[in-house]
Amino acid sequence: MSQTSQTSTKRLVTKLLLTVVGMFGFGFAMVPLYDVICDITGLNGKTGGQVVQEEEAKPVGDREITVQFLAQNAAGMDWEFRANDPQVKVKPGEVKVVSYYAGNRHDYAMTGQAIPSVAPNEAAQYLKKLECFCFQEQVLQAGESVDMGIRFFIDESIPEHITKLTLSYSLFDITDYEKPQAAVTLN
């Protein structure tokens, strides 16, 4: 192999290695970047965290917004999970309390975590949750069931064209199952 050929092979290998390192770094940065973009733009219907209410909220005007509630189980989670009220009407500024039902059908304890989403995406920034079961993991013993509450209001600055929004929860199994330890044999 000639000197020129060896030099170009080294350059090519160096460029390929740098490309792999760059792709890995970009992939690693995607999750935080995605979260920042969703927070800024309201994409994916991601809701903000818990809101602290500084003073008692009061309904503003006669306008009513329909809020629908959906529940779904993620793959591998087969609790019974549903909204107790499929929808409510709420005036901007009015605090509402609704609940979801969850029941563990298994003969062992499980832990669930609910992830919220709001549609249309634009409405996510106006739905303010004061209390929500989604802020914590839910541990249910074998056969146990529970009603889990949400206390929320719709911000008064919600645009007039938004008359209906949907709050949907996906419930995930995050149980930390104990894995049996491998038997160690000594010879």
In segment 61-76, is there at least one residue being farther than 17 Å from residue 156 by Cα, free of Cβ contacts under 8 Å to residues at least 12 places away in the same chain and surrounded by fewer than 19 Cβ atoms within 10 Å (Cβ to Cβ)?
yes
Looking at segment 117-136, which of its residues are of a type in the set (Phe, Trp, Tyr) and either surrounded by 14 or more Cβ atoms within 10 Å (Cβ to Cβ) or more than 14 Å from the chain's Cα centre (by Cα) (or both)?
126, 133
Please tell me if residue 88 is among the aliphatic types (A, V, I, L, M) and out of contact with any Ser or Thr (no Cβ under 9 Å at 6 or more places or on another chain).
no
How many residues are part of a strand (DSSP E or B) and within 21 Å of residue 174 (Cα to Cα) when one looks only at segment 64-89?
8
Give segment 95-116 a look and list any residue that's of a type in the set (Val, Ile, Thr), in a strand (DSSP E or B) and within 19 Å of residue 130 (Cβ to Cβ), or say none.
97, 98, 115
Residues in segment 93-107: is at least one at pLDDT below 80, surrounded by 10 or more Cβ atoms within 10 Å (Cβ to Cβ), within 30 Å of residue 147 (Cβ to Cβ) and among the hydrophobic types (A, V, I, L, M, F, W, C)?
no
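The values are calculated or read from the model by the stated rules, or taken from the named source; none is laboratory data. These numbers come from a predicted model, not from an experiment. Cβ atoms come from the backbone with ideal geometry, glycine included; neighbour counts cover every protein chain shown.
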